[in-house]
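Enquirer: Dropping a structure here in structure tokens format, bear with me for questions.
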Amino acid sequence: MADLPYRIVIGLEVHVQLLTQTKLFCGCSTRFGQPPNSATCPVCLGLPGALPVMNRRAFDLAVKAALALNCRIASFTKWDRKNYYYPDLPKNYQISQYDLPFSSDGHLDIQTPEGTKRIGIIRAHLEEDAGKLLHEEGGSGKDSLVDLNRTGTPLLEIVSQPELSAPEEAKAYLEELRLLLKALEISDCEMQEGSLRCDANVNIHVPHADGVAATPIVEVKNLNSFRAVERAIKFEANRQYGQFQSDGKKLGDRGVSKATAGWDDVRGVTVVQRRKEEASDYRYFPDPDLVPIEVDSAWIAEVRALLGELPAAQRTRLQSQYALSAYDTEVITRQGRPFVAYFEELARGCGDAAEAKNWLTNEILQTLNDRKSDVRAFPQPADAIAELIREAKATGLNKQRARDVYAHMVSEGGTAKEVIKKLGFTPVTDEGQLRDIVRRAMAANAKAVTDFKNGKVKAADAIKGAVMRETKGMARTEMVQQILLEELQRA
Amino acid sequence: MSLTVDDTRWVAHLARLQLADAELATMTRQLGAILDYVTQLQQARTDNVEPLAHPLPIHNVFRDDSPAPSLSVDAALANAPQRRDNFFAVPAVLD
Amino acid sequence: MIEHTAADLLATLRKGDGSAESLTGAFLDAIRQRDTRVRAFLHVDEAAALEKAHDIDARRKRGEPLGALAGIPVAVKDVLCTAGQRTTCGSKVLQSFVPPYDAHVISRLRRADAVLIGKTNMDEFAMGSSTENSAYQITRNPWELACTPGGSSGGSAAAVAACETPLALGSDTGGSIRQPASLCGVVGLKPTYGRVSRFGLVAFASSLDQVGPLTHDVRDAALLLEVIAGHDARDSTSVDRPVPKYTRTLDDPVQPLTIGVPREYFGAGLDGEVEQAVRAALKVYEKAGTKLLDVSLPYSQYAVATYYVVATAEASSNLARYDGVHYGHRAAKHDDLIDLYCRSRGEGFGAEVKRRIMLGTYVLSSGYKDAYYVKSLQVRRLIKDDFDRAFAQCDVIAGPVSPTAAFRLGDRSDDPLAMYLSDIYTISANLSGIAGISIPCGFTKGGLPIGLQLQAPPFEEEKLLRVARMHERATDWHTRRPKL
Ligand SMILES: [Zn+2]
């Protein structure tokens, strides 16, 4: 980044859907992918006379997230109405939090090439989601269609300080945030399903003769993947630099206000939108249908007790306790808490953290990826895989055979011992038996023996191959090698 | 304080209310009169007075996160002025 | 029979004299004969009412347990959602709106075996003091058809006064139960905010709205309140407190009793005849050994201004949903989405509703919110503090309900501010959340009813009803019925 002629300043506004069963203010299901308009009721349809009642679990989850983000929890918080007209918002106001959010002043540590960097969190507040608009393709092309299933789903909005200074940092922030929220089962953070959404406030600081000039802030929306966030910020910063060089407009200049841009992922460009004149006049006021929330220290303590070990602390501990590299720790923790728990059980069970790590990050992760499933749905418990690792080591089962046993255990079931027996992988360890096999193989490959004697060392491989075939690979390679050498010298 | 027709037009836009020109003039006059009356609030001394949004000091009212039956799709759409398949239809929304 | 109170009718039915079906039939006849003149009802569902009454008779015959209002007709202001039955709020916007659910109080009435006889007329979205703001019809005062029944629950008040129903429900945001009760010579009670669930009450101003009874006398008000009051988990502002058996203690006088008489309620603007009747009512109490205490509510001078900021601010947001997208009126012609919003709302709302939406939008808008909205909430607290101070010295507060008796239809429709100012004695109760009742206390020389207002601290309905009943037992104003 050092070679850019400007410094990028990024603040992220992240919305995550909370993992509740029901909506924020009514009992409708929040499940993704239900048939259109099948999860609605008078409350979330905004029918006349219907009233909201707050979902306690949503608030608890939000407090949990805020505590994990080191935020201060307000002792008094309330609900406000944000008034604006949009067809996916049936009441034409969104129930949100304005001047007294339930939490503020937190931080999240991220890893950068320069080391750990602390990113401030301005605030986190709760609000209700809007519905979905589908734009009719083709046909008359004149209508938009409204699906209100998502209306009222609890959203946590997390606003960072403008302290991210590179697109890569923005991505790292989002990854760390996702890891944290997934680990705590606050949100599943699926960008594809919209359970994590991100807007980026971007501007640049350009050094010049009299100091540093800041360009007007642009809020970039429609970022549908972490990669899109990175690309969009990179593009937008560059665009602002070009713009600044041509018009010289600075933040705070008369008539300059915050603009909104959409990210076009296909074309790879940000498109600055025409400013909606009244966009800023949301006429916030306290929602009279809802009552305030008072949070005491006992409540906070109760939620804090549920936090457990947060990813940052976990990483440090895993590295030192199991002598893992930073990279391996990252791979494991990124998969979430159940995966880490599996690793720890496996490491304990087989008594070899390095082996446990290898199996986990290679075979097991591969299986999970192939199956698009989670470690919680993995068919073999950690102690079963631990047994496989122990058996393989004890019997000298080679890596390929061990993998075969693993594959069988995963697809067909059975313990490591059972499968080894079933597949006929019981090792040949009797030296006399093995020597007989070697001798037979030498007799059958007389030419190879002659070639070896004439100095063609490679010729021994043919004999070795025959031995391995005979033993179905169940002889230890080193032992075969040893006996073969002895017999060849003797021949 | 005096309210102009432009102010009224702006507020009508915020409120998404179509007002005919004649209505706009009457509205400006009537709103102006009411606002003049309401301005007397400024005479009340309210230093350090906490705003009262709720008449009663109720707080922490919650429900459990347990699902309740939703309406059927037909019931949800029964009052829709324009229904297309299982959606509410509106004129195209331009982003 | 139609002139009887609900309590008397219940006693008759319990004795086995007559049937719920014949009783309902009698009230339906009265509606047929009288309502062409009074115009209190927007919808009457004769078949459903008779069927319900018939069912109750059958259950009574079988000896099954019946609810507290078994077989008694109840009229409901058209601001309360009734499942499968049109609920218009007196607005063109909701002309064809059929709610898929019952309001909480409607469920309570059904459970009490009441006969829901019809939906009554009202000022559009409960905004008004004369019921002239209905998009559908103008309701007339049964005592003088050229006069207003008051509003916004004018239909419910007129229906009871005209003996078209013994019981009715209204809603009160700034006096909308008490003022029409006063103007129609019936009893109207606004319960404490939170005493009755607002679930299914179409909102005007959520922090002020409350559902309450309109009846011939205080006993019936106690009876109906007992049925509708109580906690409802679907309304976050509904308070979880036991509901006293109001009917059981009703006839116990409150002794000793101190009635606060605010000097601000007897100032300029109060009609002489009204003042006379109210003072006479106070004399009735004094004679019974009650202490009258001069109290002051100094901030009541700001009540109207405060109210018209708070109520319209909330209303501007509450009524944003009527946009022609998900339900309600949609303009036939429109250029685009914003045009659809503006036209649907422009066509669907009447002048008063538009005025209040405009005012509410303005006072919340950027640059004005602090000066108007926030300031009004501060003054609101001062108004409430006034009451707290006064109630430290007295049990209830008494005064007029409305500065004048019923005025002639059309008299104030050109001057919105004059209409607003007539709410001066009632709106403080909504701003402070306290309970208030209007009971008949006399007539003008022209034969128009006058009401006495009694106000009590939050959740003191039991005391309020007992104090009201003391006056009722000493007078006979509540037994008068108009000739129709
Ligand atoms: Zn719902």
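The values are calculated or read from the model by the stated rules, or taken from the named source; none is laboratory data. As the structure is a computational prediction, the values presented were derived from the model and not from experiment. Neighbour counts run over all protein chains shown; Cβ positions are idealised from the backbone, glycine included. Calculation scope for accessible area: heavy atoms of the full protein, side chains included, ligands and nucleic acids excluded. Shrake-Rupley method; radii C 1.70, N 1.55, O 1.52, S 1.80 Å.
Enquirer: Can you give me the number of residues within region A:192-213 that are in contact (Cβ under 8 Å) with a residue 60 or more places away in the chain and either touching a Gly at 6+ places or on another chain (Cβ under 7 Å) or not hydrophobic (A, V, I, L, M, F, W, C) (or both)?
Expert: 9
Enquirer: Does region C:451-466 include one or more residues that are in contact (Cβ under 8 Å) with a residue 24 or more places away in the chain, closer than 28 Å to C:R241 by Cα and among the polar types (S, T, N, Q)?
Expert: Checked against the condition, which is being in contact (Cβ under 8 Å) with a residue 24 or more places away in the chain, closer than 28 Å to C:R241 by Cα and among the polar types (S, T, N, Q), region C:451-466 yields at least one hit.
Enquirer: Turning to a different aspect of this structure: So which residues in region A:448-491 are more than 18 Å from A:G424 (Cβ to Cβ) and among the acidic types (D, E)?
Expert: A:D451, A:D461, A:E478, A:E486, A:E487
Enquirer: Kindly indicate the residue of region A:59-92 that is open to solvent by less than 10 Å² (accessible area, probe 1.4 Å) and within 16 Å of the ligand (Cβ to nearest atom) and also farthest from C:S197 (Cα to Cα) among those meeting that condition.
Expert: Per the stated criteria, the residue is A:L89.
Enquirer: Now for a different question. A:F32 - would you say it is of a type in the set (F, W, Y) and assigned to a loop (DSSP other than H, G, I, E, B)?
Expert: So A:F32 passes the test.
Enquirer: Tell me, yes or no, whether region A:340-359 has at least one residue that is among the β-branched types (V, I, T) and open to solvent by 30 Å² or more (accessible area, probe 1.4 Å).
Expert: No, because not a single residue in region A:340-359 is among the β-branched types (V, I, T) and open to solvent by 30 Å² or more (accessible area, probe 1.4 Å).
Enquirer: Here's another thing I want to ask about it. For a quick check of your reading of the model, give me the residue pairs whose first member lies in region A:150-168 and is farther than 21 Å from A:C28 by Cβ and open to solvent by 10 Å² or more (accessible area, probe 1.4 Å), whose second is part of a loop (DSSP other than H, G, I, E, B) and within 16 Å of the ligand (Cβ to nearest atom), with beta-carbon atoms closer than 7 Å and at least 6 apart or on different chains.
Expert: none
Enquirer: Among the residues in region C:350-368, are any farther than 30 Å from C:E286 by Cβ, at pLDDT below 95, part of a loop (DSSP other than H, G, I, E, B) and within 8 Å of another protein chain (Cβ to nearest Cβ)?
Expert: Yes; the residues of region C:350-368 include at least one that is farther than 30 Å from C:E286 by Cβ, at pLDDT below 95, part of a loop (DSSP other than H, G, I, E, B) and within 8 Å of another protein chain (Cβ to nearest Cβ).
Enquirer: Answer yes or no: is there a residue in region C:68-88 that is modelled with pLDDT of 95 or more, closer than 22 Å to C:T148 by Cα, surrounded by fewer than 24 Cβ atoms within 10 Å (Cβ to Cβ) and among the charged types (D, E, K, R).
Expert: Checking region C:68-88: not a single residue is modelled with pLDDT of 95 or more, closer than 22 Å to C:T148 by Cα, surrounded by fewer than 24 Cβ atoms within 10 Å (Cβ to Cβ) and among the charged types (D, E, K, R).
For (1) open to solvent by 10 Å² or more (accessible area, probe 1.4 Å); (2) more than 30 Å from C:G346 (Cβ to Cβ); (3) without any contact (Cβ under 8 Å) to a residue 60 or more places away in the chain, each residue gets a yes or a no:
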site	(1), (2), (3)
C:E64	yes, yes, yes
C:R108	yes, yes, no
C:V115	no, yes, no
C:P166	no, yes, no
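Enquirer: Does region A:39-58 contain any residue that is more than 16 Å from the ligand (Cβ to nearest atom) and free of Cβ contacts under 8 Å to residues at least 60 places away in the same chain?
Expert: Looking for residues that are more than 16 Å from the ligand (Cβ to nearest atom) and free of Cβ contacts under 8 Å to residues at least 60 places away in the same chain, one finds at least one in region A:39-58, hence yes.
Enquirer: State the number of residues belonging to region A:4-33 that are hydroxyl-bearing (S, T, Y), within 15 Å of the ligand (Cβ to nearest atom) and open to solvent by 10 Å² or more (accessible area, probe 1.4 Å).
Expert: Selection size over region A:4-33: 3.
Enquirer: May I ask you to say which residue of B:A80, B:A44, B:A76 is more than 8 Å from chain A (Cβ to nearest Cβ) and within 21 Å of A:V43 (Cβ to Cβ)?
Expert: B:A80
Enquirer: Residues that are of a type in the set (F, W, Y) and under 22 Å from C:A161 (Cα atoms): which strands (runs of 3 or more DSSP E) entirely in region C:29-146 hold 2 or more of them?
Expert: Strands (runs of 3 or more DSSP E) meeting the threshold: none at all.
Enquirer: Still on this structure, please answer the following. If a residue has to be within 7 Å of another protein chain (Cβ to nearest Cβ) and open to solvent by 70 Å² or more (accessible area, probe 1.4 Å) to count, how many in region B:55-73 make the cut?
Expert: Summing the residues that are within 7 Å of another protein chain (Cβ to nearest Cβ) and open to solvent by 70 Å² or more (accessible area, probe 1.4 Å) in region B:55-73 gives 3.
Enquirer: Do we find that A:P36 is away from the ligand (no atom under 11 Å from the Cβ) and either more than 7 Å from every other protein chain (Cβ to nearest Cβ) or farther than 17 Å from A:L196 by Cα (or both) in this structure?
Expert: It is true that A:P36 is away from the ligand (no atom under 11 Å from the Cβ) and either more than 7 Å from every other protein chain (Cβ to nearest Cβ) or farther than 17 Å from A:L196 by Cα (or both).
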